[in-house]
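> My questions will all concern the structure given below.
The values are calculated or read from the model by the stated rules, or taken from the named source; none is laboratory data. Every value quoted in this text rests on a predicted model; they were computed, and no experiment measured them. As a convention, Cβ positions derive from the backbone with ideal geometry for all residues, glycine included, and neighbour counts pool all protein chains shown. Only protein heavy atoms, including side chains, enter the accessible area calculation; ligands, DNA and RNA are left aside. Shrake-Rupley method; radii C 1.70, N 1.55, O 1.52, S 1.80 Å.
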Amino acid sequence: IVPGVKPHLKVYTLPGTNGDTVMQGLDSLSLRCKEYYAAGARFAKWRSPLVIDTENGRPTDLAIRANMNDLARYALICQSEGLMPIVEPDISLSGSHTLEEAIDVNIRVQSELFKAMIEHGVYM
């Protein structure tokens, strides 16, 4: 069994987005990753909660960019401290959106994620 950790701290509502959220905790992540590694952790999983709400225009482009950049920063920090980052956008499946709308959001999110990972120099 390989132990892991969820290093995010708490959900923060992103102003100006009708309720989209980001996670807090990147500012102290490097230090915490060192501690987690010393305690035996070998991987980490960061949340990036996004909700599909087409009536209210969610997720916004700002929320997608912010969350995917955060995921890329998290991954780079984890890698620099010896932890394997699990990088997986957290898109809620609940709601009244159509399958086509869900596909569109997932394409936007995954495209932004890969762009951010490449720009941050994350080893994939």
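> Can you run down the residue pairs with Cβ atoms below 9 Å, 6 or more apart or on separate chains, where the first is in the stretch 81-103 and exposed (fewer than 13 other Cβ atoms within 10 Å of the Cβ) and the partner is in a helix (DSSP H, G or I) and not hydrophobic (A, V, I, L, M, F, W, C)?
These pairs meet every condition: S96/T54; S96/E55; T98/T54.
> Mind checking which residues of the stretch 1-46 are of a type in the set (A, V, I, L, M) and over 17 Å from the mean Cα position of the chain (by Cα)?
Those that are of a type in the set (A, V, I, L, M) and over 17 Å from the mean Cα position of the chain (by Cα): I1, V2, L31, A38, A39, A41.
> Of the conditions (1) open to solvent by less than 10 Å² (accessible area, probe 1.4 Å); (2) under 17 Å from I118 (Cα atoms), L76 clears all except one; give me its number.
The number of the failed condition is (1).
Quick grid of which residues meet (1) open to solvent by 40 Å² or more (accessible area, probe 1.4 Å); (2) at pLDDT 95 or above; (3) in a strand (DSSP E or B); (4) under 15 Å from P85 (Cα atoms):
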{"residue": "P7", "(1), (2), (3), (4)": "no, no, no, yes"}
{"residue": "P15", "(1), (2), (3), (4)": "yes, no, no, no"}
{"residue": "N18", "(1), (2), (3), (4)": "yes, no, no, no"}
{"residue": "L29", "(1), (2), (3), (4)": "no, yes, no, yes"}
{"residue": "C33", "(1), (2), (3), (4)": "no, yes, no, yes"}
{"residue": "Y37", "(1), (2), (3), (4)": "yes, yes, no, yes"}
{"residue": "G40", "(1), (2), (3), (4)": "no, yes, no, yes"}
{"residue": "L62", "(1), (2), (3), (4)": "yes, yes, no, no"}
{"residue": "D70", "(1), (2), (3), (4)": "no, yes, no, yes"}
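> Same structure, new question: How many residues are in a loop (DSSP other than H, G, I, E, B) and either of a type outside the set (F, W, Y) or within 22 Å of T21 (Cβ to Cβ) (or both) when one looks only at the stretch 76-124?
16
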